[in-house]
């Protein structure tokens, strides 16, 4: 009961009700000395007495114990950040043990359960048993979907579940979960915003439309990143898509608004150009990648900008979102360099002075070691 505050709750409630230790002892059938020890934190009542004590004090057993099975968003964010930092300093198994201990305590706090599933996914490459971790992620997602009753959490858990299945190499499970075809979008955001406007809440309507707008822009670049991989044989389509996305990135200042989506786009574009035997174009895409990487401000804080000015307040009040980075700073910096150094598609570029200078410049900027041999 080390995480409980029973003695303090017990003593405070007894004094509020203006009852003596003797009265409580008589009610539950123990000695006054036993009650005194409870208040001093020297011992705890038998578990069978808790319902009777809770009834006497007119409070729930959880409240009597001082136990809070739910965590606030700020607490979840802080725990996530602390655990993420530990992954860069300790063996995976040690951090995994800490996660599981927390889950055993807060297994009914579904935003926290989902966040721990995300943490496992984000640090999966560090695990010595990735399949076991993916199975654990699936269990956590299923718990959120089955018991939370929160549509937003259920949707996010479903997407995370699909990602875990992909990591396991089970595409059939993904299709069974999400369906085999794209779904028609019926514009629910627009209808919700219109309803708020009709109720006189123009500010809420404005927020909904702006967030929907932002998400659609981000979905566009995400889909384009997939499209160029699928259309790699179609050179004209590939070049046109890259040109259009570069304009989109410029128009909406996506390099600062959501650098991760932009980095993925340039990384994939560079990979495809190398596969097509176009090293000059690949190097150009990698130069964009490096430029965006150097713009990242650490510690990372995801936020809106002057155009999407309502984004930050939406993130602040949306329980499953956080402006914090999904992984620790050291791991992010390390991966920014390793991604372009260790990709076999870029192996032939390592002999080029321009590539070497670019990589070393990024490594120096991020203060990480790099080996180009």
Somewhere in segment 297-315, is a residue under 29 Å from residue 82 (Cβ atoms), over 22 Å from the mean Cα position of the chain (by Cα) and either surrounded by fewer than 18 Cβ atoms within 10 Å (Cβ to Cβ) or at pLDDT below 90 (or both)? no
Has segment 179-187 got any residue that is surrounded by fewer than 17 Cβ atoms within 10 Å (Cβ to Cβ), assigned to a helix (DSSP H, G or I) and either out of contact with any strand residue (DSSP E or B) (no Cβ under 9 Å at 6 or more places or on another chain) or not assigned by TED's automatic domain parsing to the domain that holds residue 77 (or both)? no
Do any helices (runs of 4 or more DSSP H) lying entirely in segment 1-116 carry at least 2 residues that are in contact (Cβ under 8 Å) with a residue 12 or more places away in the chain and touching a strand residue (DSSP E or B) at 6+ places or on another chain (Cβ under 6 Å), and which ones are they? 73-87
Sort out which residues of segment 87-110 are under 19 Å from residue 330 (Cα atoms) and at pLDDT below 90, and write them in order of number. 88
Members of segment 121-132 found to be closer than 20 Å to residue 331 by Cβ and either surrounded by fewer than 20 Cβ atoms within 10 Å (Cβ to Cβ) or out of contact with any helix residue (DSSP H, G or I) (no Cβ under 8 Å at 6 or more places or on another chain) (or both), listed by number: 121, 122, 124, 125, 126, 127, 128, 129, 130
Going through (1) in the same structural domain as residue 280 (by TED's automatic domain parsing); (2) in a loop (DSSP other than H, G, I, E, B) one by one, residue 355 fails only at (2)
Would you point out the residue of segment 286-300, among those that are free of Cβ contacts under 8 Å to residues at least 60 places away in the same chain and in a helix (DSSP H, G or I), that is nearest to residue 340 (Cα to Cα)? 289
Looking only at segment 65-85, decide whether some residue is more than 29 Å from residue 133 (Cβ to Cβ) and modelled with pLDDT under 85. yes
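The values are calculated or read from the model by the stated rules, or taken from the named source; none is laboratory data. Note that this is a predicted model, so its numbers are computed, not measured. Note: ideal-geometry Cβ built from the backbone for every residue, glycine included; neighbour counts use all protein chains shown.
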